[in-house]
Amino acid sequence: MNLQLALDRLTREECLHIIDETRESIDWIEVGTSVIKEYGMAIVREIKEKYPDKVIVTDMKTMDAGGHEAIQAFKAGADITTVMALASDLTILDSIKVAKEYGGRIMVDLLEVSNKERVKELEDLGVDLVSIHIGKDKQREGKFDVKYFSLVEGSDVEVTVAGGIDLNTISDVVEKGPDTLIVGSAITKDENPAEVAAEMKAMINKI
């Protein structure tokens, strides 16, 4: 199981500092949507150059122009880029086509998806990586609820999970066996991000 560090609502300097602090424990580095909006593809290139051994995920949250935005991400050094499940099938197909050309992958974000039928449709399109995602605003109603795993029951897709996961909730999520655990604020906002990341990685490794 991979530990993915999500970098959001941070300065460039904070991003680089936190990666350096946690690099021994994390597997994937997500350049979050807000960071991309602030710094563009330049910060993606910088992070890939500094940490070439890590899988770089650009959280583009693409809803349209899938091929174009995928090209932007992969040219900047991304290994994986995100497209929204609520985007049109054509947008998703265009993104997958580009990913194959660049040797990258598409992660489809299930934010606000509430039915298994859409996941089946995504599989039929050739999607093999999805993210069960509870958005930042919706987290006001509570932390990640394992009930959302029902979306991928019976599916063969690779599963990542994100949404307010912290040291108090990680055990319940890990027990469900996702392929990748995405953690943001619980690490990035802590005074000792290295310690939190190491503790989370240790919990993952017990499975």
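The values are calculated or read from the model by the stated rules, or taken from the named source; none is laboratory data. These figures come from a predicted structure and were not determined experimentally. Reconstructed Cβ throughout: ideal geometry from the backbone, glycine too, with neighbour counts over all protein chains shown. For the accessible areas, the whole protein counts, side chains as well, though only heavy atoms, and no ligand, DNA or RNA atoms are used. Shrake-Rupley method; radii C 1.70, N 1.55, O 1.52, S 1.80 Å.
Values for this structure:
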{"quantity": "Charged-residue dipole, Cβ positions (Lys, Arg, Asp, Glu), the chain about Cα centre, Debye nearest 20", "calculated": "200"}
{"quantity": "Which label in [x] 13.2; [y] 12.3; [z] 10.5 gives the computed mean projected area of the Cα convex hull in nm²", "calculated": "[z]"}
{"quantity": "Reachable lysines, given that their alpha-carbon falls under 24 Å from the alpha-carbon of LYS100 and they are not under 8 places away in the same chain", "calculated": "LYS48, LYS54, LYS61, LYS75, LYS120"}
{"quantity": "Net charge over other residues, Cβ less than 10 angstrom from the Cβ of LEU10 (K, R count +1; D, E count -1)", "calculated": "-1"}
{"quantity": "Protein accessible area in the chain, 1.4 Å probe - carbon and sulfur %", "calculated": "45"}
{"quantity": "Residues of the chain: accessible area per residue with a 1.4 Å probe, Å²", "calculated": "48"}
{"quantity": "Potential extension, ASP27-HIS68 segment - 0.36 nm per residue separation minus Cα distance", "calculated": "12.1 nm"}
{"quantity": "Separation in nanometres of the label points that stand 7 Å from Cα toward Cβ, at ASN192 and LYS75", "calculated": "4.5"}
{"quantity": "Summed side-chain charge close to ALA42 - residues other than ALA42 whose Cβ falls under 13 Å, Lys, Arg +1, Asp, Glu -1", "calculated": "+3"}
{"quantity": "Separation in nanometres of the label points that stand 7 Å from Cα toward Cβ, at TYR39 and ARG12", "calculated": "0.7"}
{"quantity": "Charge dipole (the chain, unit charges on Cβ, about Cα centre) - positive-most of SER185, ILE29, HIS68", "calculated": "HIS68"}
